[in-house]
Amino acid sequence: MLYFLFGENSFEALKKIQEVKKAFFSAKGGSILGGKKNPNFLFEEIDGENEGAYQDFVKLVEEQSLFNPKRLMVFKNIVSIIPNPKKFFLTHINFLRDSKDIFLFWERDMTKEDKVFEFFYKNATKTQEVKAEKILPTPKDNSVFRFVDRIFASSGAEALLHLENATSYGVDGKSLTNIIFWKTKKAPKKDKNILNIAHQAILTDLNLKMDKKNEKEHLSRLAIRVALKA
């Protein structure tokens, strides 16, 4: 089974990937946040920007044993590192489409004019564009940016005070979450701490949509993660 995301909105793309992971792991009794792996369901994720990504990608696609557990494969920005992508997909598209495994591709820089786009569009169970990011409307004085800056500059429980002030001022949780993620994207150094904050922002956005009644708890967890820089 084949799913395809394309477009440069990394926040929406990563959120969709998290939704797919959560749905399939829940169906198989696993967890997207860690814990024991279900022996009947394997998960692999490969980013084309990492060393050795092409070799790992080819190996996973060509492992077509009928006796392997069901797999969820997430491939990020892989097409650009394939030496001859058109030939590769001509060879493998039937397997990617018809396999019991789930293959989810996200191509940040691909457009509808790309020659390989047609392979995905015609064969994917679902194709979705994640368009360029838009900062949500904020108060006229841009208060959300000020509060987010204070949360990033704080330490420990101090972040909760800034969060409380922000919500009292009328800044909504989704705007806070989006701006926190936006700041991680603008960070000059994408170290482990920044990536952890970005991941928590994505989870928070999902939780705000599915569990509105516990919004304060989800936002507090994100604020503490930002303040701890971990």
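Can you pull out the residues in the stretch 80-120 that are of a type in the set (Val, Ile, Thr) and free of Cβ contacts under 8 Å to residues at least 12 places away in the same chain? I'd like the intermediate steps shown before the answer.
Residues of the stretch 80-120 that are of a type in the set (Val, Ile, Thr), as a first pass: 81-82, 91, 93, 102, 111, 116.
Within the stretch 80-120, just 91 meets the criteria.
Just give me the residues in the stretch 188-211 being charged (D, E, K, R) and surrounded by fewer than 21 Cβ atoms within 10 Å (Cβ to Cβ), in sequence order. So that I can check it myself, show each step before the final result.
Of the stretch 188-211, the ones charged (D, E, K, R) are 189-192, 205, 209, 211.
Once the filter is applied, which keeps residues that are charged (D, E, K, R) and surrounded by fewer than 21 Cβ atoms within 10 Å (Cβ to Cβ), the stretch 188-211 yields 189, 190, 191, 192, 209, 211.
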How about the stretch 177-207: which of its residues are in contact (Cβ under 8 Å) with a residue 12 or more places away in the chain and of a type in the set (A, V, I, L, M, F, W, C)? 179, 180, 181, 182, 197, 198, 201, 202, 203, 206
Out of curiosity, is residue 152 modelled with pLDDT of 90 or more and outside the structural domain of residue 17 (by TED's automatic domain parsing)? yes
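The values are calculated or read from the model by the stated rules, or taken from the named source; none is laboratory data. Model, not experiment: these values are computed from the prediction. Cβ: placed from backbone, ideal geometry, glycine included. Neighbour counts: every protein chain shown.
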